[in-house]
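Colleague: Structure incoming, see below.
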Amino acid sequence: MSRKATLSVMLGLLSLMCAFSSCKKFESSQTVPSYIHIDAITLDPLTDYSVYGAATSKIPDAWVYVDDQILGCFELPSTFPVLKKGQHKVAIYGGIYTNGISATPAPYPFYKPLVYQNLNLVEDSIVNLSPVLSYYTHDEGTTVAWMEDFENANTLLPASTSDTGIVRISGDEAWTSVNSFFSGKVELPPDSLDFTIVTANEFDSVYQNMGGVYCLLEMDYNCNDTFFVGVQYYEDYKITQWPLVKVTPTDKEHDKPQRWNKIYINIGPTMNNHTSASAFKVYFTSDLTTDYDVLYGNVYHPISERRYYYFDNLKLLYRKL
């Protein structure tokens, strides 16, 4: 069992996690376990691009239920014991690092679990599973509020204080797939300038603040410098800008596509703390004098190389339970 098995009732998306933590542990007289092996969990490559965009995912963990009881959270790849034999219901949830932080694992609430209704477990034997997940559909409560893949018009605009904006690029620099040929890029010269780009659309904070609603941002990115992701919200007749996540550089030692990374950012808690806000936007900034650094005492050391920030497959998702 991996180190994350001990975190199975801790952290993450609170309402879902509370449900997990209420489950009892197994009680069994069985002494020889059965085993399940999961090498990786992927998102269905046939996911409808027109609705959900590119089927990119980063699923480092498997959250496993047996007969509707939680077995644990397992870092993949993993082989783990189950004190059950014969046919049992096994449900596999895709786990993410909330806000890109490995210390905050959680099942992703927009991926449906893969449920094996009658999985045959055999003592001292390994069952190999290769779960392929899909999104909860609109009929199941999911709304894709915004999606930007840079294949058409760009919906990220420079803020009035920004020194530059974002441009569409293609070729070797871009994240590409069968449906994707363009990405967004911001480039800054050494030790100078900052950028701030903001969604052109406003998102309905009233809808998101209704009870039992998740709100997360998915994003693929590739950068050689730190940037922030945050929200601008409209409250008490003024605009407040609040940084949520500090995103660190990707591994530039690797070749494309290994330089690209994926992150899932939980926007819901911030907006739920501002229930009188009428709307919000999402912003991205390299401004390292933000409130985030002031709050957490971070010190920025300028770099002497050209800074680049690539973005793709951005999507803001709601799911009403």
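The values are calculated or read from the model by the stated rules, or taken from the named source; none is laboratory data. The model shown is predicted, which means the values in this text are computed figures rather than measured ones. Quick reminder, even Gly has a Cβ in these numbers, built from the backbone with ideal geometry, and neighbours come from all protein chains shown. The accessibility values were calculated without ligands, DNA or RNA, using every heavy atom of the protein model including side chains. Shrake-Rupley method; radii C 1.70, N 1.55, O 1.52, S 1.80 Å.
Colleague: Within the accessible area of segment 112-233, what % is carbon and sulfur when the probe is 1.4 Å and the other protein chains stay in place? Display every interim value, and only then the final one.
Modeller: Details: 2630 of 5360 Å².
Exposed carbon and sulfur together represent 49 percent of the surface.
Colleague: Right, something else. Using 0.36 nm times the number of residues separating Asn152 and Asn224, minus their current alpha carbon distance, what extension gain do you get?
Modeller: Details: separation 72, 0.36 × 72 = 25.92 nm, distance 2.57 nm.
Between Asn152 and Asn224, full extension yields an extra 23.4 nm.
Colleague: How big is Rg to Rh over segment 33-93, alpha-carbon atoms, Rh as the Kirkwood inverse-mean-distance radius? Walk me through the intermediate numbers first.
Modeller: Values: Rg = 14.0 Å, Rh = 13.1 Å.
Taking Rh as the inverse mean 1/r over Cα pairs, Rg/Rh reads 1.07.
Colleague: Could you give the semi-axes, largest first, of the ellipsoid that matches segment 98-215, computed as the square roots of 5 times the alpha carbon gyration tensor eigenvalues and rounded to whole Å? Mind dumping the intermediate values first?
Modeller: Numbers: eigenvalues 285, 91, 51 Å².
Square roots of five times the eigenvalues give 38, 21, 16 Å.
Colleague: Length gain on complete extension for the stretch Val115 to Thr161, per 0.36 nm per residue less the alpha carbon to alpha carbon distance? Present the calculation step by step, with values, prior to reporting the outcome.
Modeller: On the way: separation 46, 0.36 × 46 = 16.56 nm, distance 4.95 nm.
Length difference between fully extended and current span is 11.6 nm.
Colleague: For all pairs of alpha-carbon atoms in segment 90-133, what percent lies in each bin of width 5 Å, listed from the first bin to the last filled one?
Modeller: Values per bin, smallest distances first: 5, 20, 20, 18, 17, 11, 7, 1.
Colleague: Then there's this: Evaluate the distance, in nm, between pseudo-label points positioned 7 Å from the Cα of Ser50 and of Thr240 along their respective Cα→Cβ axes.
Modeller: Those two pseudo-labels are separated by 4.1 nm.
Colleague: Assuming a strict under-17 Å limit between Cα atoms, what lysine pair count do you get for segment 23-103 once near-sequence pairs (fewer than 8 apart, same chain) are dropped?
Modeller: 5
Colleague: Report the residues of segment 125-139 in range of a label on Lys89: point 7 Å along Cα→C-beta, backbone N strictly under 20 Å from it.
Modeller: Only 131-134, 136-137 fall inside the zone, counting backbone N under 20 Å.
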